[in-house]
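The values are calculated or read from the model by the stated rules, or taken from the named source; none is laboratory data. The structure displayed is predicted, hence computed values, not measured ones. Because the Cβ atoms are built from the backbone with ideal geometry, glycine has one as well, and the counts that use them run over all protein chains shown. Ligands, DNA and RNA are stripped out before the accessible areas are found, and what is left, the full protein with its side chains, is counted by its heavy atoms. Shrake-Rupley method; radii C 1.70, N 1.55, O 1.52, S 1.80 Å.
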Amino acid sequence: MAYQRQSSQLPTVLMVGGGQLARMTHQAAIALGQSLRVLAASPEESAALVCRDVVLGRHDELEALRKAADGATVLTFDHEHVPPGHLVTLIGEGVNVQPPPSALIHAQDKLVMRQRLASIGAPVPPFAAVDSVADVTAFGAEHGFPVVIKATRGGYDGKGVWIAETAEEAGKVVSDQLAAGVSLLVEEKVDMRRELSAMVAHSPFGQGATWPVVETVQRNGVCAVVIAPAPELPTARASEAQQLALRIAEELGVTGCLAVELFETRDGRILVNELAMRPHNSGHWTMDGARTSQFEQHLRAVLDYPLGDTSPTAPVTVMANVLGAAAPPAISMDERVHHLCARMPDAKVHLYGKGERAGRKLGHVNVLGAPGGSPDDTEYVETVRNRAELAAHWLSHGVWHDGWNSHTAIFEEQ
C-alpha cells in the first residue's frame, strides 16, 4: 500500500534566505509543529541541508519569490536584502509579508533608518547624508574628526564601514565609494563604553515582549561574544533600552524579532546604532538561556500567535561565536565536538553545517552560569565568559588555549 502524506493543517512559514538563521528557525518550527520552507540560493546552504521544503532561487528574483510563497501562510526573512518593490508586488498578489516592506526598509537603508529614528525622537548619533566630499568635510568641521562613514545599504559584520581620522582620509573614502556607485552617510564617532543590544518581539496584534539587554563584544567588525544580561547595567538604563526598542517596533510597524543595536556612551547615554528585523546574532544565547528562544518567538510573532515567556533560565548566559581559523585544524570538527563534550558536558554547541574558512561563522557555543550568581559579580561573569570563549576557540582552532591536553586530561607545562 502506498504511503499518502496527510496534511496537518498547520501553517507553512516561508523564510527567504537559507543561512544559519533559517536553519535554527527550522529547529523551532519542528517543536511548534509548523513547516518551514526556505528560499535558498544553493542546496549547500545551512538551512537547505536540513529542511525538507526547499525552493532554490535568488532572493532578488520576483519569480523565485512567487514560487516559494505559493501556499505559504506568511513570508519572513533570514536577511534584509530582498528588493522592497518585489515585496510590494507580492503583497498586492495576496502574500502575507512580515515584517512588511514599510518596516523592513529601515533595516535595509541606514540613512532612512537614521532619518526616521531622529523624527520620532529616538537617540541617534549626529549624522548627515553624503553626496560629495564637501558634505563629509563640512560634517567633520562641525562635529570633529574622526568620523564614521557608512554605506547606506548592504554592509554587515564590519563591511561597508570606514573610520576616517582626518579630512583627507574621509575625502579619499568618499571619492572612491561614490565613484563606485555606493550611497553613503557620515556620523559622529561615538565615545562609547561598550555595545549593547536590546532584542524584542512584536506581533501584528500589537503584543510586545523583551529579553534582557545584552552586551556584545565585536572583534574585527564581527560579533564574537554576547553576555546576557549585560553586566553591571543599571536597572533604569536597561529598562530605558527595552522601552526604546519596543517603541521603535511599534512606530516602525515591525513584526517578528527586532534587534536594536546600541552604543552605551561613557557619559551614561544610549544611542541607536543599527536595526535588524529578524533573529540576530545577539539573540543566539536565547536558544539555551531563555524560556523562549528568539527563533520560536519570531515564528510566533509573524504568525500572530501569543508571544512566549522570555525569562532567563540562568543568572548569566554567554554565547561565543565559532569563527573559522586562518587554516582548518588537522583534527576534524567531529573530533573537536567529541573532546568538547567530554571536557564541558554542559556547553551547548550549535553548528551551522558550513565548510571552514578564515573568519566564517561556523556556529556558536552557549554556556550557562551556575545558579546563585549575578551579572553584577565580575568574577562570576568572567568565569562563565572564559569557559564559553575557551570552548569556541577549541572548536575554531583545535587547540585549548589554556594548555589542556585532550587525551591525558592534564595541563601541560608551557
With +1 on the Cβ of every Lys and Arg and -1 on the Cβ of every Asp and Glu, the dipole magnitude of region 282-367 about its Cα centre, in debye rounded to the nearest 20, is 260
Leaving out ligands, DNA and RNA, what percent of the accessible area of the chain is carbon and sulfur, probe 1.4 Å?
-> 51
Most fluctuating of LEU32, LEU244, LEU21 in the GNM of the chain (C-alpha, under 10 Å) is LEU32
Please build a GNM for the chain, connecting alpha carbons under 10 Å apart, and tell me which residue among PRO125, PRO231, PRO345 fluctuates the most.
-> PRO345
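Within region 63-142, which GluC sites (Glu not before Pro) sit in a loop by DSSP and count at most 12 neighbouring Cβ atoms inside 10 Å? Intermediate values should be presented prior to the final figure.
Numbers: sites: GLU63, GLU80, GLU93, GLU142; in loops: GLU80, GLU93.
Qualifying residues, ordered by number: GLU93.
Based on the alpha carbons, how large is the Rg to Rh ratio for region 38-100 when Rh follows Kirkwood?
Details: Rg = 11.2 Å, Rh = 11.9 Å.
Rg/Rh: 0.94.
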On alpha-carbon atoms, Rg over Rh for the chain using Kirkwood Rh?
-> 0.97
Any idea of the accessible area per residue across region 234-283, 1.4 Å probe, to the nearest Å²?
-> 34
Label model pair GLU44, GLU251: point-to-point distance (7 angstrom along the Cα→beta-carbon line) in nm is 4.4
Of the listed pairs LYS67/LYS361; LYS110/LYS354; LYS159/LYS189; LYS110/LYS159; LYS189/LYS361; LYS110/LYS172, which have alpha-carbon separations greater than 18 Å here?
-> LYS67/LYS361; LYS110/LYS354; LYS189/LYS361; LYS110/LYS172
Could you tell me which of PRO328, SER183, TYR305 has its Cα farthest along the dipole of the chain towards the positive end, charges placed at Cβ (Lys, Arg +1; Asp, Glu -1), taken about the Cα centre?
-> TYR305
Rank ALA230, ALA22, ALA325 by mean-square fluctuation in a GNM of the chain with C-alpha springs under 10 angstrom and give only the top-ranked residue.
-> ALA325
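What's the FRET efficiency of HIS338 with GLN115 using the Cβ-Cβ distance as r and R₀ = 41 Å, to the nearest 0.05?
0.20
For the chain, what does the helix formula give at 222 nm: sum of -39500 (n - 2.57) over DSSP H segments with n ≥ 4, over the residue count, nearest 500 deg cm²/dmol? Don't jump to the answer; show the numbers that get you there.
Values: 12 runs with 134 residues, N = 414.
It lands at -10000 deg cm²/dmol.
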Efficiency of FRET between GLU382 and VAL133 - r from beta-carbon atoms, R0 41 angstrom, step 0.05 = 0.35
Ordered by packing density, taken as the mean number of other Cβ atoms within 10 Å over each peptide's residues, highest first, how do 271-282, 175-186 rank?
-> 271-282, 175-186
Take the alpha-carbon centre of region 60-109, take the same for region 373-388, and report the distance between them in whole Å.
-> 41
Report P(r) for region 178-265: all Cα-Cα distances, bin width 5 Å, range 0 to the bin holding the largest distance, values in whole percent.
-> 3, 13, 20, 19, 17, 14, 9, 4, 2, 0
About its Cα centre, the chain carries a charge dipole, from +1 on Lys and Arg Cβ atoms and -1 on Asp and Glu Cβ atoms, whose size in debye to the nearest 20 is 940
Take GLU165, project a point 7 Å from its Cα along the Cβ direction, then tell me which residues of region 187-221 have their backbone nitrogen under 20 Å from it.
-> 187-192, 220-221
